[in-house]
Every structure is written in structure tokens, then in C-alpha cells.
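Only the coordinates and a few stated rules stand behind these numbers; no lab work does. This one's a predicted model, so the numbers in the text were calculated from it and none came from an experiment. Methodologically, a virtual Cβ is constructed for each residue, glycine included, from the backbone with ideal geometry; neighbour enumeration extends over all protein chains shown.
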Amino acid sequence: MTHIFLKEFNGFLNSLMGYMVVIVFLMAMGLLMWVFPVTSVLDYGYADMDTLFSYGPYVFIFLVPAITMKSFAEERKLGTLELLLTKPLTISAIVGGKFIACFFLVALSVFPTIVYYFTLYTLGSPQGNIDTPGVVGSFVGLILLGGVFCAIGIFASSITSNQIISFIGAAFSCFILYSGFDSAATLISDGGISLQMKQWGIMYHYESLSKGVIDSRDLIYFLSVAGMLLLSTKTILSSRSW
């Protein structure tokens, strides 16, 4: 797994893709938080990071599939996937190595935004007037969200040899899993059924973490969804139906 991780991550660093993902995410979040009047913290007047954690997932919906789209699709297209599977590596190690490399790049793009917290901590009146537990929970949620999106992208890339199809399929799936269930729940009049519908989607658990309480049920949800997607990817590669 370590060999695959290093190979994939070095591939990101040796191309524009890795740098573009980090730069685009930081630029988008920086503009939204500090420049655009509608979402700027400076104009809003409150020391919080809601802008980052509200818009971050939607930026990830497009950026993460761009990272993962070539994970297996390019291997299929170039005919190197079968060669890779014949090496003394388990399929779990191959899938895990590619997933960790993508996840590490996503986490790397989020890490610099910690500077925003210290900036708002200093600018707060009085100093430190910021919901620290909520920020910590939101960062945990955003990282876990990126992990699930990576798993979705890896799965989408494993079922096609076309990177564009992989990107579109992953982006659409990320959007549906993040906000689709929440949107569908608003159409249901029964409160109990509506709540159950929301709990199937990522947004419910993501917003739960943003309250500052890291509930084991939310962690289990994220880990379970990512695990099932990676297991499905392994199953597809094991079938050799391609």
C-alpha cells in the first residue's frame, strides 16, 4: 500500500493537478471569506467561519472528482491496470494506496485554512470571541467529507476508462449524497420520515459535527460510507469483468 501511495502522491506533485487543487481551493475560500461582499467575514461583522464550512463542500464536489478521475480510468485506458493487478500487491493495497493519496491531497488543501481561525481569533472583539468547538467539529467534518468524496471518486473511476465520465459521475454522486437527501426530505410532509431521509445524506451528519459535538454516530456514518464504496471498488476490480 505504501508503494502505491507514494507513487500516486508523487504523481500529483510532479504534475499541475496537485498544485492546482490546493491553489483553487484556497483561492475560492479566500475570496469567499475575505473579498466578496455577500460572504465576507469583514462585512458580516461576526468572527465565525461559516462561509468556509458552508461553501467548502460545494467546492469539493468539483475538485475531488478532478483528483480521483484518473485513478483507475487512466490505468484502464492505457492498458496498465491488468499489469498492475498482476504485481505482488493485493487489490486492497492498490485501492487503499490510491485512496489515501487522494485523501492526503484533499487534507493538505484544507490544512492552510487553519490560518483563518487564528486570524478571526485575533480580530474577534473581545479577542478569542469565536466558537472554537464548532470550528474544530467543522474541520473534522470537512476532512471526513473529503474522504467520502474521494471514495466516491475512486469508485466512479473504477467502472470506466473515460476520465470525463468518471468526473461527471463522481461529481453528480457527491452532490446527490451531500444535499440530495436533504432536498428530497423537504418534499415529505411526515416529520419522522423526513428526518430519516435527511439522516441518509451527508449534510445532516456534517452539520451535526459543525455544532462542536463529535458524535460517534456521525463518525461511524462517514467511515461506513467510505468503507462500503472502497469495498465496492475492490469487488469491481476483483471481478476482472473489464
Give me the helices (runs of 4 or more DSSP H) completely within the stretch 1-51, filtered to those with at least 3 residues that are buried (at least 17 other Cβ atoms within 10 Å of the Cβ), ordered by residue number. 2-13, 16-30
Only one residue in Ile176, Ile154, Ile188 is of a type in the set (Val, Ile, Thr), assigned to a helix (DSSP H, G or I) and out of contact with any Phe, Trp or Tyr (no Cβ under 6 Å at 6 or more places or on another chain), so which one is that? Ile176
Identify, from the list Gly96, Gly128, the residue that is under 23 Å from the mean Cα position of the chain (by Cα) and either surrounded by 15 or more Cβ atoms within 10 Å (Cβ to Cβ) or more than 30 Å from Met69 (Cα to Cα) (or both). Gly96
May I ask you to verify whether Leu83 is of a type outside the set (D, E, K, R), in a helix (DSSP H, G or I) and over 21 Å from Ala170 (Cβ atoms)? yes
Name the single residue that is nearest to Val110 (Cα to Cα) among those in the stretch 52-93 being surrounded by fewer than 19 Cβ atoms within 10 Å (Cβ to Cβ) and of a type in the set (S, T, N, Q). Ser54
Evaluate the stretch 169-184: report whether one residue or more is in contact with a Leu (Cβ under 8 Å, 6 or more places away or on another chain) and surrounded by fewer than 20 Cβ atoms within 10 Å (Cβ to Cβ). no
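Per-residue answers, yes or no, for (1) without any contact (Cβ under 8 Å) to a residue 24 or more places away in the chain; (2) in a helix (DSSP H, G or I):
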site: Ile94; (1), (2): no, yes
site: Phe103; (1), (2): no, yes
site: Ala107; (1), (2): no, yes
site: Pro112; (1), (2): no, yes
site: Val115; (1), (2): yes, yes
site: Pro126; (1), (2): yes, no
Go through the stretch 209-222 and give me each residue that's surrounded by 14 or more Cβ atoms within 10 Å (Cβ to Cβ) and not in a loop (DSSP other than H, G, I, E, B). Leu209, Asp218, Leu219, Tyr221, Phe222
